[in-house]
Amino acid sequence: MRKKRLIYTLLYNKGHFMLSRNFRLQKVGDFKWLKKHYNFEKIAFSIDELIILDVTREGRDIDEFSSVVKEVVKNVFIPVACGGGIRSLNDAKLLLNSGADKIVVNTTLHSNKELINSLVKNYGSQFVVGSVDFQIENDVKKVYIENGELKIDENLEDFLDEVEKLSIGEIYLNSIQKDGTGQGYDIKHLANTFGKLTIPIILAGGAGNHLHLIEGLKINSVDAVATANLFNFLGDALPKARMEILKKELPLANFESISDVFK
């Protein structure tokens, strides 16, 4: 059985790391704050992958972001995926050279499929993660792009059908309404969606504790669960969450001496 993954997502905005609730951003701290509270050399023992997203609304600077990525991933030896404002092969190459193993694309899935095809052709399917944001409106799952600010015409199922045809590696499926609430993933509205997808799914938006992570990982078609909550997983909360997941005998990699790392 293929191993499932626990993923941590960092949100970056113009020099600061952010909390997000329903895609409304709140400044938390700069890089010094992050290093003080999150030693990713240690955290890497309790997560399988790190995602870093530039969620800057205006004045996004790919060069600045790539420099931040380079600092965050020093001495981190787990896969790192980075995204936010990737509009060219050069943008992707810059992040790759800064330490990213994969890139994350959102708006480009809708607006520039030729770029997605070029990314897949040049770097392979597994290099590209498609980020899809949705919310429920009159019982219909609607898709949003541009940091959740622009609704497109297609509903979630139709859009995911198109995304699958792009031959990307996986989909980061994020609920805008659950985002940052700590109330759990939107499994109810996605129940029918899961079974229709053949592409691996990263479930995001709403995790507040290890029980939510376990609930997501129990879904057969979910390959990974992600959390971006900077406060609910401070200190030793992430390694403890991983140990609780392993107690449920879910197919998560069992890193040796994980508890010793955090003593």
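Could you report the accessible area of His110 in Å², rounded to 10, computed with a 1.4 Å probe on the protein chains as they sit in the structure?
70 Å²
What list of ³J(HN,Hα) couplings, whole Hz, do you get for segment 170-187 from phi and the Karplus terms 6.51, -1.76, 1.60, once you set θ to phi - 60° and write x for glycine and proline?
6, 10, 8, 9, 10, 8, 5, 5, 8, 3, x, 7, x, 9, x, 5, 7, 5
Determine the gain in length on full extension of the stretch Ser67-Asn138; use 0.36 nm per residue of separation and subtract their C-alpha separation, reporting nm with one decimal.
Taking Ser67 through Asn138 to full extension adds about 21.3 nm, to one decimal.
Using only DSSP helix segments of four residues or longer, with each worth -39500 (n - 2.57), what per-residue ellipticity at 222 nm results for the chain after dividing by its residue count and rounding to 500?
-9000 deg cm²/dmol
Karplus couplings for segment 32-39 from phi (6.51 cos²θ - 1.76 cosθ + 1.60, θ = phi - 60°), rounded to Hz, Gly and Pro as x?
4, 4, 4, 5, 5, 9, 9, 8
Mind checking which aspartates and glutamates have their C-alpha under 16 Å from Lys247, skipping anything on the same chain fewer than 8 residues away?
Within the straight-line limit of under 16 Å, Lys247 reaches these aspartates and glutamates: Glu215, Glu256.
Tally Lys/Arg at +1 and Asp/Glu at -1 over every other residue whose Cβ is under 9 Å from the Cβ of Asp61; what's the total?
Neighbour charge sum, excluding Asp61 itself: -1.
Can you tell me which aspartates and glutamates have their Cα less than 19 Å from the Cα of Lys14? Leave out same-chain residues fewer than eight positions away.
Asp30, Asp54, Glu58, Asp61, Asp63, Glu64, Glu71, Asp91, Glu146, Glu149
What part of the accessible area of the chain, given as a whole %, is carbon or sulfur when the probe is 1.4 angstrom?
Here carbon and sulfur together make up 46 percent of the probe-accessible area.
Cut-off 20 Å, label point 7 angstrom out along Cα-to-Cβ of Lys113: give me the residues of segment 147-170 whose amide nitrogen falls inside.
The answer is 151-170, whose backbone nitrogens lie closer than 20 Å to the label point.
Just read off the accessible area of Asp158 with the full protein assembly in place, 1.4 Å probe, to the nearest 10 Å².
Asp158 has an accessible surface of roughly 80 Å² with all protein chains in place.
Using only Cα atoms, locate the centre of segment 22-39 and the centre of segment 48-76, then give the distance between them in Å, rounded to an integer.
12 Å
Roll a 1.4 Å probe over the protein heavy atoms and report the accessible area of Leu252 in Å², nearest 10.
10 Å²
Which pairs in the list Lys178/Lys218; Lys93/Lys151; Lys142/Lys165; Lys3/Lys165; Lys3/Lys42 are over 27 Å apart, alpha-carbon to alpha-carbon?
Lys93/Lys151
Give me the number: length gained by fully extending Arg2 to Lys188, i.e. 0.36 nm times residue separation minus the C-alpha to C-alpha distance, one decimal in nm.
64.5 nm
Can you give the FRET efficiency to the nearest 0.05 for Asp236 and Lys93, using r as the Cβ-Cβ distance and R₀ = 22 Å?
Efficiency, rounded to the nearest 0.05: 0.05.
Given Cβ point charges of +1 (Lys, Arg) and -1 (Asp, Glu) and nothing else, what value in debye, to the nearest 20, does the dipole of the chain about its Cα centre take?
740 debye
How many Å² of accessible area per residue for the chain, probe 1.4 Å?
46 Å²
The values are calculated or read from the model by the stated rules, or taken from the named source; none is laboratory data. It should be emphasised that the depicted structure is a prediction, and the values quoted were computed from it without experimental measurement. All Cβ positions, glycine included, derive from the backbone under ideal geometry; neighbour counts span all protein chains shown. These area figures cover heavy atoms from the full protein model, side chains too; ligands, DNA and RNA do not enter into them. Shrake-Rupley method; radii C 1.70, N 1.55, O 1.52, S 1.80 Å.
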